[in-house]
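Data block below; observations after.
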């Protein structure tokens with residue numbers, strides 16, 4: 001078995017934990033009745049913030065007709081599966097795993113920018129406003145950090161393999177010359 005850089009093991013475990021948490025969260029999101037939840041939330045905050053309650057009601061009624069709100073959880077599931085495939089391939093030391101992981105982690109940000117109006121509505125389901133923007137930047141920072149650390153760990157693993165193969169070749173030469 002090929003020797004792997006220790007950082008790769010930690011990244012692999014952290015990624016699998018994160019992916020598991022995201023799968024569970026997404027699973028709950030897929031089975032939850034968002035329209036009903038939005039209407040309940042609107043009732044709760046009616047007294048405090050009537051304008052926000054009205055926005056939640058509009059979003060609840062739009063949920064039936066807006067394709068973005070219906071499709072986006074499944075798109076997120078697709079990217080989560082691709083991310084898992086990328087992580088497993090990187091663990092097996094396939095360079096393509098890093099590219100798949102990169103695509104799966106950063107494509108949702110690009111989609112969000114291209115569909116900003118619908119994304120703003122979709123993000124209202126997660127709390128909306130400045131909190132979603134803050135969470136988005138935090139997750140973006142972690143995605144960049146993990147992509148960089150994966151790149152480093154894979155490069156260092158490749159160096160270890162090169163050194164080990166050179167040493168075994170040198171040892172074989174030594175034995176052949178005896």
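The values are calculated or read from the model by the stated rules, or taken from the named source; none is laboratory data. All values reported here derive from a predicted model rather than from experimental measurement. Positions of Cβ are generated from backbone atoms using ideal geometry, with glycine treated the same way; all protein chains shown enter the neighbour counts.
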> Which residues, counting only those in the stretch 57-73, are in a helix (DSSP H, G or I) and either in contact (Cβ under 8 Å) with a residue 24 or more places away in the chain or under 13 Å from the mean Cα position of the chain (by Cα) (or both)?
Replying inline: 59, 60, 61, 62, 68, 69, 72, 73
>> Being modelled with pLDDT of 70 or more and either surrounded by 13 or more Cβ atoms within 10 Å (Cβ to Cβ) or over 30 Å from residue 67 (Cα atoms) (or both) narrows it down to one residue among 170, 136; which is it?
In response: 136
> Which number in (1) assigned to a helix (DSSP H, G or I); (2) farther than 27 Å from residue 148 by Cβ; (3) out of contact with any helix residue (DSSP H, G or I) (no Cβ under 9 Å at 6 or more places or on another chain) marks the one condition that residue 17 misses?
Replying inline: (2)
> Which residue, of 3, 22, is touching a helix residue (DSSP H, G or I) at 6+ places or on another chain (Cβ under 7 Å) and loosely packed, with under 12 Cβ neighbours inside 10 Å?
Replying inline: 3
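Results for (1) touching a helix residue (DSSP H, G or I) at 6+ places or on another chain (Cβ under 9 Å); (2) within 20 Å of residue 17 (Cα to Cα), shown as yes or no for each residue.
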{"position": "33", "(1), (2)": "no, no"}
{"position": "44", "(1), (2)": "yes, no"}
{"position": "48", "(1), (2)": "no, no"}
{"position": "56", "(1), (2)": "yes, no"}
{"position": "70", "(1), (2)": "no, no"}
{"position": "76", "(1), (2)": "yes, yes"}
{"position": "81", "(1), (2)": "yes, yes"}
{"position": "84", "(1), (2)": "yes, yes"}
{"position": "89", "(1), (2)": "yes, yes"}
> What number of residues in the stretch 21-35 are assigned to a helix (DSSP H, G or I) and free of Cβ contacts under 8 Å to residues at least 12 places away in the same chain?
Replying inline: 6
> Can you name the residue in the stretch 79-98 that is modelled with pLDDT under 95, loosely packed, with under 15 Cβ neighbours inside 10 Å and part of a helix (DSSP H, G or I) and, of all such residues, is nearest to the chain's Cα centre (by Cα)?
Replying inline: 96
> Checking residue 116 against (1) modelled with pLDDT under 75; (2) loosely packed, with under 13 Cβ neighbours inside 10 Å; (3) closer than 22 Å to residue 37 by Cβ, which test does it fail?
Replying inline: (3)
